[in-house]
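Take a look at this one; I'll ask things after.
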């Protein structure tokens with residue numbers, strides 16, 4: 001490596017932004033591990049999401065499979081409505097306890113069970129999201145189109161309680177048919193911000209085009225299908241792109257580096273790395 005290359009790397013490491021916010025990480029155990037990961041990436045704050053599996057604890061492929069089996073049960077609808085409610089209550093309680101312990105480092109989104117009535121969903125948002133000062137709802141990871149249709153009740157409840165952003169996973173197993181159903185919800189509820197998690201996966205071109213035409217759609221840049229998808233999103237919609245790592249599934253340092261590397265300018269990188277999510281969440 002030449003001296004000039006070394007100086008460029010040092011300059012980038014020393015480069016500071018107003019505030020770097022990872023807009024999507026799952027709660028990791030222990031929390032100190034997560035804080036070290038954030039510090040290594042120069043992340044000031046993280047928007048924390050609930051988590052059922054904890055792959056960060058795994059040290060082998062077999063252990064990863066064991067952890068992920070809990071998630072697969074959720075995706076396939078194997079768990080009962082009652083079991084999902086109990087699980088998500090516990091997850092939110094754990095999430096809130098971490099946020100209260102480290103209020104300067106973590107903010108949060110709270111999960112909402114699907115399949116409840118409108119009044120049940122409204123009560124849940126009031127009792128678990130608003131009361132706990134959480135800033136949005138999600139992550140929703142719909143395993144089929146029926147689960148995406150159930151989001152309509154969540155959108156109705158948000159309209160009658162508090163206008164909060166909704167975070168929806170749009171990579172596999174969500175198909176383009178499922179994404180189109182989500183797009184319909186965005187059009188039916190234009191006042192509700194919707195974050196398309198993982199940029200639509202292989203359907204990133206369609207998602208970027210849709211976001212350009214709809215003011216309430218935002219683009220999560222974690223786990224994008226290809227780096228050129230991230231680059232095109234930053235070029236076409238710099239004010240709608242949100243830096244995130246999806247940790248522990250992704251590394252905050254690498255996703256920050258990707259945004260800095262493919263952004264057309266430092267100003268656009270700064271929007272994605274923190275300013276956009278601050279404006280969206282009013283923080």
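Taking 41 Å as R0, compute the FRET efficiency from the Cβ-Cβ separation of residue 226 and residue 191 and round it to 0.05.
Values: r = 32 Å, r/R0 = 0.79.
Result of the calculation: an efficiency of 0.80.
Continuing with the same structure: Relative to the longest principal axis of the C-alpha atoms of the chain, give the angle of the C-alpha long axis of helix 252-262, reported between 0 and 90° and rounded to the nearest 10°.
The answer is roughly 60 degrees.
Expressed as an acute angle from 0 to 90° and rounded to the nearest 10, what is the orientation of the C-alpha long axis of helix 3-14 relative to the principal long axis of the chain?
It is inclined by approximately 40 degrees.
Can you give the FRET efficiency for residue 184 and residue 81, using 1/(1 + (r/R0)^6), R0 = 22 Å, r = Cβ-Cβ distance, to the nearest 0.05?
Values: r = 24 Å, r/R0 = 1.11.
Calculated transfer efficiency: 0.35.
Would you mind ranking 19, 116 by Cβ crowding within 10 Å, fewest neighbours first?
Values: 19 15, 116 19.
Ascending Cβ contact count within 10 Å gives the list 19, 116.
Okay, next question. Can you give me the three principal axis dimensions of the chain from its C-alpha atoms, in Å, biggest first?
Dimensions of the chain along the principal axes of its Cα atoms: 63, 42, 35 Å.
Can you compute the FRET efficiency between residue 236 and residue 283 using 1/(1 + (r/R0)^6), with r the Cβ-Cβ distance and R0 = 30 Å? Round to the nearest 0.05. Mind showing how you got there, number by number?
Numbers: r = 25 Å, r/R0 = 0.84.
It comes out at approximately 0.75.
Hey, what number do you get for the chain at 222 nm if only DSSP H runs of n ≥ 4 count, each worth -39500 (n - 2.57), divided across all residues, to the nearest 500? Intermediate results must be reported in sequence, preceding the final value.
Numbers: 13 runs with 136 residues, N = 283.
Roughly -14500 deg cm²/dmol at 222 nm, from the helical runs in the chain.
May I pose another question? Using 0.36 nm times the number of residues separating residue 214 and residue 159, minus their current alpha carbon distance, what extension gain do you get?
Numbers: separation 55, 0.36 × 55 = 19.80 nm, distance 1.81 nm.
Roughly 18.0 nm would be gained on extension.
Just to confirm my numbers, what's the Cα centroid distance between segment 191-236 and segment 44-67 in Å?
Each part reduced to its Cα centre gives a spacing of 24 Å.
How much space per residue, in cubic angstrom, does the convex hull of the C-alpha atoms of segment 199-259 take up?
Details: hull volume 4.2 nm³, N = 61.
Taking the convex hull of the Cα positions in segment 199-259, it is 69 Å³ per residue.
Taking neighbour counts of Cβ atoms within 10 Å as a proxy for exposure, in what order, fewest first, do 152, 22 appear? Present the calculation step by step, with values, prior to reporting the outcome.
Working: 152 15, 22 28.
Lowest to highest Cβ neighbour count: 152, 22.
Stokes-Einstein at 20 °C, 1.002 mPa s, Kirkwood radius from Cα pairs: D for segment 144-205 in µm² s⁻¹? Present the calculation step by step, with values, prior to reporting the outcome.
Details: Rh = 11.8 Å.
This corresponds to a translational diffusion coefficient of 182 µm²/s.
Does segment 118-157 come out rounded, prolate or oblate, given a ≥ b ≥ c as the square roots of the eigenvalues of its C-alpha gyration tensor, rounded meaning a/c under 1.5 and, failing that, prolate meaning a/b above b/c?
Numbers: a/c = 3.10, a/b = 1.66, b/c = 1.87.
Cα axes put segment 118-157 in the oblate bin.
Another question, if that's okay. For each of 198, 282, 214, 191, count neighbouring Cβ atoms within 10 Å of the residue's Cβ, then give the residues from fewest to most. Kindly include the intermediate steps, with their values, before the conclusion.
Values: 198 26, 282 6, 214 15, 191 10.
The order, fewest Cβ neighbours first, is 282, 191, 214, 198.
Provide the descending list of Cα extents for segment 154-283 along its principal axes, expressed in whole angstroms.
So the three principal-axis extents are 40, 32, 30 Å.
Let me ask something else. Would you mind calculating the gained length between residue 36 and residue 61 on full extension (0.36 nm times residue separation, minus the Cα-Cα distance), in nm to one decimal? Please list the in-between numbers first.
Details: separation 25, 0.36 × 25 = 9.00 nm, distance 2.37 nm.
Result: 6.6 nm gained on full extension.
Return one number: the angle in degrees, 0 to 90 and rounded to the nearest 10, between the long axis of the Cα atoms of helix 176-188 and the longest principal axis of the Cα atoms of the chain.
The helix 176-188 is inclined about 80 degrees to the chain.
Across 5 Å bins from the origin, how do the percents of Cα pairs in segment 84-184 run, short distances first?
The calculated distribution, bin by bin, is 2, 13, 23, 23, 18, 12, 6, 1, 0.
Read-outs throughout are calculated quantities, based only on the coordinates presented, and are distinct from any laboratory measurement. Because the structure is predicted, anything quoted here is derived from the model rather than measured. Note: ideal-geometry Cβ built from the backbone for every residue, glycine included; neighbour counts use all protein chains shown.
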